[in-house]
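Participant: Have a look at this one.
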Amino acid sequence: MLKTGKCACGAVTFQSLGPWRDIISCHCDECRRTTGHFWAATAVPEGALKLTNAAGLKWFRSSDVAKRGFCTGCGASLFYKHDDKDYIAIGAGCLDGETGLKMVEEVFTHEKGDYYALSEDVTHSTAWSEAWKVD
Ligand SMILES: [Zn+2]
Ligand SMILES: [Zn+2]
């Protein structure tokens, strides 16, 4: 299904036909610092993501195994790409309109902040999700 998305200023826009993974939130220290809270993302196969405007996109190597794509114009956190995975995670808040997706899992919960509660109706994990890949 075609979905579109963009950052807050429009210097990064994208679209994909999917398939789209449901939403997984990551509460690890790295995601918390990148986003200012925690990272909630869908994902598509890497080759399925089409950047329709990459003018503001910059990639930041956030760890030994991954990089993150953000907008240099507005600072939005848009993408996460693990070196060994063939899909790209996309910040769920950057999608346009109704997503048809739902939150299914919260990971790295042992690194969460102490100022908020986890959702009670989703799976919790202290490691990578088995659902991390696209179905
Ligand atoms: Zn922007
Ligand atoms: Zn994380």
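The values are calculated or read from the model by the stated rules, or taken from the named source; none is laboratory data. Please read these numbers as outputs of a predicted model, since none were measured by experiment. Positions of Cβ are generated from backbone atoms using ideal geometry, with glycine treated the same way; all protein chains shown enter the neighbour counts. Only protein heavy atoms, including side chains, enter the accessible area calculation; ligands, DNA and RNA are left aside. Shrake-Rupley method; radii C 1.70, N 1.55, O 1.52, S 1.80 Å.
Participant: Counting only DSSP beta bridges with both residues in the chain, what percent are antiparallel, rounded to the nearest 5?
Facilitator: Given both bridge residues lie in the chain, the antiparallel proportion sits at roughly 85 percent.
Participant: Related question: LYS3: which lysines have alpha carbons under 28 Å from its alpha carbon, excluding same-chain residues fewer than 8 sequence positions away?
Facilitator: Once the sequence-local lysines are set aside, what remains near LYS3 is LYS50, LYS58, LYS67, LYS81, LYS85, LYS102, LYS133.
Participant: What does the accessible area of LYS67 come to, in Å² to the nearest 10, when a probe of 1.4 Å is used?
Facilitator: Taking all protein chains as shown, LYS67 has close to 70 Å².
Participant: For the chain, report the accessible area per residue in Å² (1.4 Å probe, heavy atoms, rounded to an integer).
Facilitator: Each residue of the chain exposes 53 Å² on average to a 1.4 Å probe.
Participant: Please give the contour-minus-distance gain from GLU30 to LEU118: 0.36 nm per residue of separation, less the Cα-Cα distance, rounded to one decimal in nm.
Facilitator: Gain on stretching GLU30 to LEU118: 29.9 nm.
Participant: Also, I was wondering about something else. Rg and Dmax of the stretch 52-128, Cα atoms, in Å?
Facilitator: Taking only Cα atoms of the stretch 52-128, I get Rg and Dmax of 14.5, 39 Å.
Participant: Mind listing the long-range amide H neighbours of ALA66? Cut-off is under 5 Å, sequence gap 5 or more, other chains count too, H placed in the peptide plane at 1.01 Å from N.
Facilitator: ASP83
Participant: For the stretch 25-76, report the translational diffusion coefficient in µm²/s to the nearest whole number, using Stokes-Einstein at 4 °C, 1.567 mPa s, and a Kirkwood Rh over Cα pairs.
Facilitator: Answer from the Stokes-Einstein relation: 105 µm²/s.
Participant: Oh, and also: Take LYS58 and GLN15, extend 7 Å from each Cα along the Cα→Cβ direction, and tell me the distance between the two endpoints in nm.
Facilitator: Spacing of the two 7 Å Cα→Cβ label points: 2.8 nm.
Participant: Fully extended, how many nm does the chain gain between ALA127 and ASP86 (0.36 nm per residue separation, minus their Cα-Cα distance)?
Facilitator: Taking 0.36 nm per residue and subtracting the Cα distance, the gain is 12.9 nm.
Participant: Under a point spin-label approximation (7 Å from Cα along Cα-to-Cβ), what is the CYS74-HIS110 distance to one decimal in nm?
Facilitator: 3.7
Participant: Would you mind telling me the share, in percent, of accessible area of the chain contributed by carbon and sulfur at probe 1.4 angstrom?
Facilitator: Carbon plus sulfur share of accessible area: 50 percent.
Participant: While we're here: Run the numbers for LYS50 and MET1: contour at 0.36 nm per residue of separation, minus the present Cα-Cα distance, in nm.
Facilitator: 16.3 nm
Participant: Please list, ordered by chain and number, the residues whose modelled amide H lies under 5 Å from the amide H of ILE23; skip anything fewer than 5 residues away on the same chain.
Facilitator: When sequence neighbours closer than 5 places are left aside, the close amide H contacts are LYS102, MET103, VAL104.
Participant: I would also like to ask the following. Taking H as built 1.01 Å from N, whose amide H comes closer than 5 Å to the amide H of ALA8, not counting residues under 5 places away?
Facilitator: Excluding prolines and chain starts, which carry no amide H, the hits are ALA76.
Participant: Could you tell me how many cubic angstrom of Cα convex hull volume the stretch 1-43 has per residue?
Facilitator: 77
Participant: Not counting ligands, DNA or RNA, and with a 1.4 Å probe, what is ARG32's accessible surface area in Å² rounded to the nearest 10?
Facilitator: Accessible area of ARG32: about 60 Å².
Participant: Net charge near SER119, counting Lys/Arg +1 and Asp/Glu -1 over other residues with Cβ under 10 Å of its Cβ?
Facilitator: After counting each charged neighbour, the total is -4.
Participant: Normalise the Debye intensity by I(0) for the chain, one equal point scatterer per Cα, no solvent, then take log10 at q = 0.21, 0.22 Å⁻¹ and round to two decimals.
Facilitator: Each listed q corresponds, in turn, to -1.38, -1.50.
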